[in-house]
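The values are calculated or read from the model by the stated rules, or taken from the named source; none is laboratory data. Bear in mind the structure is a predicted one, so any value in this text is a computation, not a measurement. Cβ atoms come from the backbone with ideal geometry, glycine included; neighbour counts cover every protein chain shown.
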Amino acid sequence: MRTLTIVSNGHGEDVVGASLATALHALDRDLELRAFPLVDDGSAYARADVPRLGPCRVMPSGGVTVHSLANLVADLRAGLLGMTVRQVAELARLRTDGLVVVGDVYAQALAAVAQARFRAVVQPLVSRYHASGPGPRRLNRYFMEGVRYPERALMRHRAQVVYTRDGPTAAWLRERGVGHARCLGNPMVDEAAGAPLEVPAGVTAIALLPGSREHRREALGIMAQALARMEDALGLVAWTGGPLPELEGWLPDAGAPPLAGRVAALRADRGARLWFVEGRFGDVLASARLALGTSGTAHEQAAAQGLPVVSFPLPPSHGRAFLANQQRLLAEALTICAPRAEAIATALERLAADGPERQRAVRTGPERMGPPGGSGAIARDLLARFDGVVPRPAGVGAGGR
């Protein structure tokens, strides 16, 4: 049986890798897929029923080690160096027919030591859009805001095909020697599809995206304060599990209608409501008129659905440099506020109305993120190339192809 291993380095990259694995299995059920997550616990692969290889654990920073000195120190104290050394050793022992790296230069460099007959890169993080527009540039974000020469060298010499998240990035890479770079769609968009939840009529539904990192509880407290200032607002919290935070001024809403996946329903004095919903991220986005978050991938996925996104800095892992970089990507689809309830509530009310600012945000998000279908298109192209290098054994069927 032919083996194909997916190496990824982050929560968003794991989601993309799992989506790609699902699409590959639909095309060839005889292909043995494995995952090697470098950051986070790889839970997206577990949900996709893909076996996981190698040592991995969630670090205090949640995977954003170099975003600040505090994050770096915390991760080093938690054993980051030792875990990285073990991961490199495991990758050096890895023997696989095909290797797909989902991530940036860090994942590509570590995966370069593995033995594989076929190699591909899916770069879902960095876009040429990151190089445009104002905002602070930091040395520690050097590889997060552009595909630099070391990464391009790895792409040229250690990959047979490179898939980018957008056409301008693929064209820019081809001009700089990565002739096999191409764009077939953005897999990140595929995981954001859903069906609307049954929400009360006459409310402004807002997707709350606090993320999965440690700052999510503090962030949600600020979001709840902003929401409490609004009338007829319904906050749909895309909750990723764990104990719920205590929110001052919010009480249980015994009159909330039943809803699958909702783990809590709260109500504020002025009538705003808050629903915590697990396992229905796409449905939350499909139900909302706009989004408020302190996330990374989830912001981009919300913008891809045409939702204006409002955010605010919350250092160290969600600081101003991170937001400035994300705004260069999403442009007018992302509005950045001060981390004050009144400022956030004002921005939400402004973007909920049918004004020109909302119309620009609704149009810009899908333009910057691209259409859905990237996972299937990349899987078909990747499998055709893989078959050319590692032919199917005689007598093995094409599965779902």
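Just a few scattered comments:
- Within the range 63-114, the set of residues being part of a loop (DSSP other than H, G, I, E, B) and under 21 Å from the mean Cα position of the chain (by Cα) comprises 63, 64, 68, 103, 104.
- Within the range 51-81, the set of residues being among the β-branched types (Val, Ile, Thr) and crowded, with 20+ Cβ neighbours inside 10 Å comprises 64, 65.
- Test: residue 120 is at pLDDT 95 or above, surrounded by 15 or more Cβ atoms within 10 Å (Cβ to Cβ) and part of a helix (DSSP H, G or I): no
- Residues of the range 208-238 that are in contact with a helix residue (DSSP H, G or I) (Cβ under 9 Å, 6 or more places away or on another chain) and either free of Cβ contacts under 8 Å to residues at least 60 places away in the same chain or in the same structural domain as residue 42 (by TED's automatic domain parsing) (or both): 224, 234, 235, 236, 237.
- Residue that is modelled with the lowest pLDDT [pool: residues in the range 1-47 that are surrounded by fewer than 19 Cβ atoms within 10 Å (Cβ to Cβ) and part of a loop (DSSP other than H, G, I, E, B)]: 41
- Highlighted here are the strands (runs of 3 or more DSSP E) found entirely within the range 165-281 that include at least 2 residues which are touching a Phe, Trp or Tyr at 6+ places or on another chain (Cβ under 7 Å): 233-239, 262-268, 273-278.
Residues are listed down the side, and each one gets a yes or a no for (1) modelled with pLDDT of 95 or more; (2) touching a Cys at 6+ places or on another chain (Cβ under 9 Å); (3) small (Gly, Ala, Ser):
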{"site": "254", "(1), (2), (3)": "no, no, yes"}
{"site": "265", "(1), (2), (3)": "yes, no, yes"}
{"site": "269", "(1), (2), (3)": "no, no, no"}
{"site": "275", "(1), (2), (3)": "yes, no, no"}
{"site": "295", "(1), (2), (3)": "no, no, yes"}
{"site": "299", "(1), (2), (3)": "yes, no, no"}
{"site": "303", "(1), (2), (3)": "yes, no, yes"}
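- If you go through the range 162-191 and pick out every residue that is of a type in the set (Gly, Ala, Ser) and surrounded by 24 or more Cβ atoms within 10 Å (Cβ to Cβ), you end up with 1.
- Any hit, the range 333-341, residues being over 18 Å from residue 308 (Cα atoms), surrounded by fewer than 19 Cβ atoms within 10 Å (Cβ to Cβ), at pLDDT 95 or above and basic (Lys, Arg): yes
- Any hit, the range 335-350, residues being touching a strand residue (DSSP E or B) at 6+ places or on another chain (Cβ under 6 Å), free of Cβ contacts under 8 Å to residues at least 40 places away in the same chain and in a helix (DSSP H, G or I): yes
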